[in-house]
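In what follows, a structure is listed as structure tokens, so that the remarks can point back to it.
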Amino acid sequence: MKKFSFSSPFNRRQFLKDLSLTLGSTATGLSLLSLTSCNTNKSGNKEQSGETSGQNGQGRKLGIALLGLGKYSEGQLAPALQETNNCYLAGIVTGSPDKVDKWKRKYDIPDKNVYSYESFDQIKDNPDIDIVYVVTPNALHREFVVRAAQAKKHVICEKPMATTVEDCQAMIDACKQNNVKLSIGYRLHFEPHNQRVMELGQKEVFGPVKSIKAADSFKINVKPEDWRLSQKLAGGGPLMDVGIYCIQGVMYTMGKEPIAITAKYGEKTRPDYFKTVEQSISWQMQFEGGVIADCVSSYNDEAGFLYGEARDGWWRLDPAYSYSGIKGETSQGKMDFEEVNQQARQMDDFANCVRNNKPTQVPGEMGLRDVRILLAIYEAARTNKKVGI
Ligand code: NAD
């Protein structure tokens with residue numbers, strides 16, 4: 001059987017063909033196991049999570065302030081906050097005064113809950129705001145997470161958590177010192193198809209995992225001066241931005257850390273555009289026992305899948321990481337899960353953790369773990385050497 005090779009990492013059709021040849025065995029017993037979450041939803045994958053009042057909490061919706069009103073806040077998080085049960089959009093923090101009126105009107109936000117980056121620290125005196133959600137370019141996460149923690153607000157920070165391990169640690173420390181919770185915006189932990197992969201892999205439903213393949217790529221179309229193309233603000237290119245979903249997918253399939261990484265930068269066909277960040281990268285994550293995860297991420301391709309092969313069966317999600325329309329199949333047939341609002345579930349779960357003083361399943365420590373892996377991948381690509389984790 002022909003083995004998939006990442007020497008031509010962006011030939012997705014070949015990848016799919018190889019995979020369909022590879023994945024063919026029959027599946028054994030399948031058990032539906034619930035996943036840990038602050039929400040008490042243990043009754044099955046089709047059920048929406050969410051509670052209207054915490055048993056030990058204040059029995060009210062917690063107020064979230066979105067910090068950084070870019071595309072993700074505007075297109076996903078604010079709309080999701082119209083569907084949440086445990087929290088609501090209470091405030092905004094922005095460096096763009098021209099955005100304020102539109103947001104205030106659209107979401108009925110009072111003046112007293114609107115902050116600039118300069119006035120942000122005063123949020124400590126505002127009882128309407130329980131949680132600050134940091135949605136700025138990656139390298140700025142640290143500053144705002146630390147300031148939010150110092151204002152005694154719980155924090156959600158977008159992925160990747162930061163661009164250095166030191167920044168991640170400082171964010172975790174600040175939240176601990178100020179006795180507030182910190183979670184990372186890992187929305188797919190609240191998405192049923194991805195939750196199923198966690199079960200299939202970690203609970204060895206089809207026996208031990210043998211191999212994983214993952215890709216997350218898109219054709220980027222931003223201005224050359226956009227922060228996503230700046231090493232300083234983004235910390236890297238597609239790997240930092242979307243390749244992190246492959247890392248996440250691999251990690252929640254395996255439920256344990258890799259032992260070593262190898263990696264290779266792809267060719268820069270547009271060096272004038274991708275001046276300081278990679279255009280594409282492929283990498284392998286090696287686990288104890290010989291399991292290998294083959295991954296790729298590019299700003300010049302379209303792909304978004306997570307495949308796993310176990311001893312007695314296989315699964316594939318494609319698309320695996322999108323906001324909606326995720327599709328999945330196993331060696332036993334098609335997955336049949338309802339579409340959920342991932343961000344609403346994610347924020348409801350965190351609000352519930354805060355209200356009930358429970359740990360989040362996507363904590364700062366997970367963000368730090370992933371940044372460590374991201375940086376090891378860059379080191380492996382730069383040095384062309386296997387990097388231990
Ligand atoms: P964006 O470019 O659309 O918005 C960035 C926001 O940060 C803007 O409001 C901008 O004004 C503000 N900002 C503050 N200081 C800035 C500076 N010095 N330079 C540029 N912008 C500055 O980006 P986005 O897509 O909303 O991404 C924001 C964060 O959210 C990133 O960390 C990204 O990785 C993350 N994100 C996560 C998901 C997800 O699915 N979880 C999806 C998209 C983005």
Worksheet item: Which FRET efficiency value, to the nearest 0.05, do you get for ASP125 and GLU83 by plugging their Cβ-Cβ distance into 1/(1 + (r/R0)^6) with R0 = 41 Å?
Response: 0.90
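Nearest 20 debye, what's the magnitude of the dipole of region 314-389 about its Cα centre given +1 on Lys and Arg Cβ and -1 on Asp and Glu Cβ?
With Lys and Arg at +1 and Asp and Glu at -1, about 440 debye.
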Worksheet entry | Cβ charges +1 (Lys, Arg) and -1 (Asp, Glu), total dipole of region 62-184, debye | 140
Worksheet item: Could you give the angle, 0 to 90 degrees to the nearest 10, between helix 364-383's Cα long axis and the longest principal axis of the Cα atoms of the chain?
Response: 50
Worksheet item: Projected onto the charge dipole of the chain (+1 at Lys/Arg Cβ, -1 at Asp/Glu Cβ, origin at the Cα centre), which of TRP315, ALA151, ASN352 gives the Cα projection farthest towards the positive end?
Response: TRP315
Item to complete: Any of LYS106/LYS219; LYS275/LYS386; LYS61/LYS153; LYS61/LYS106; LYS264/LYS327 with alpha carbons more than 22 Å apart? Name them for me.
Response: LYS106/LYS219; LYS275/LYS386; LYS264/LYS327
Item to complete: Give me the distance in nm between label points sitting 7 Å out from Cα along the Cα-to-Cβ direction at LYS71 and LYS203, one decimal.
Response: 3.7
Worksheet item: Going highest first, how would you order 346-352, 145-151 by mean Cβ packing within 10 Å?
Response: 346-352, 145-151
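What does the highest-first list of 182-190, 170-178, 218-226 look like by mean Cβ count within 10 Å?
Going from most to least packed, we get 182-190, 170-178, 218-226.
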Discussion item. Which one, ALA139, TYR115, GLY70, projects farthest toward the positive side of the charge dipole computed for region 62-184 from Cβ point charges (K/R +1, D/E -1)?
Written reply: GLY70
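Give me the Å³ per residue figure for the convex hull around the C-alpha atoms of the chain. Please list the in-between numbers first.
Numbers: hull volume 51.5 nm³, N = 389.
Cα-based convex hull of the chain, divided per residue, equals 132 Å³.
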Worksheet item: Hey, fewest Cβ within 10 Å first, where do GLU329, GLU257 land in order?
Response: GLU257, GLU329
Worksheet item: What residues from region 352-375 fall in the zone where the backbone N is under 13 Å from a label point 7 Å along the Cα-to-C-beta line of LYS176?
Response: 364-366
Worksheet entry | Cα centroid separation - region 199-237 against region 250-291, whole Å | 9
Fill in: Relative contact order for the chain, counting Cα pairs under 8 Å that sit 6 or more residues apart, in percent
21
Worksheet item: Taking R0 as 22 Å, what's the FRET efficiency between LYS152 and LYS112 from their Cβ-Cβ distance, rounded to 0.05?
Response: 0.80
Worksheet item: Can you sort TRP315, TRP103, TRP283 by how many other beta carbons sit within 10 Å, fewest first?
Response: TRP103, TRP315, TRP283
Fill in: FRET efficiency for ASP272 and SER324, using Cβ-Cβ distance with R0 set to 25 Å, rounded to 0.05
0.15
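If packing is taken as the average number of other Cβ atoms within 10 Å across a peptide's residues, how do 196-202, 118-124 rank, most packed first?
Ranking, from highest mean packing down: 196-202, 118-124.
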Worksheet item: By counting other Cβ atoms within 10 Å of each Cβ, how are VAL291, VAL114 ranked from fewest to most?
Response: VAL114, VAL291
Practice prompt. Tally the DSSP beta bridges in the chain and give the antiparallel ones as a percent, rounded to 5.
Written response: 55
Worksheet entry | the chain, dipole about Cα centre (Lys/Arg Cβ +1, Asp/Glu Cβ -1), debye to the nearest 20 | 460
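Where a number appears in this text, it was derived from the coordinates with a stated rule and is not lab data. What you see is a predicted model; the values in this text were computed from it and never measured. Here Cβ is always computed from backbone atoms with ideal geometry, including for glycine, and neighbour counts include all displayed protein chains.
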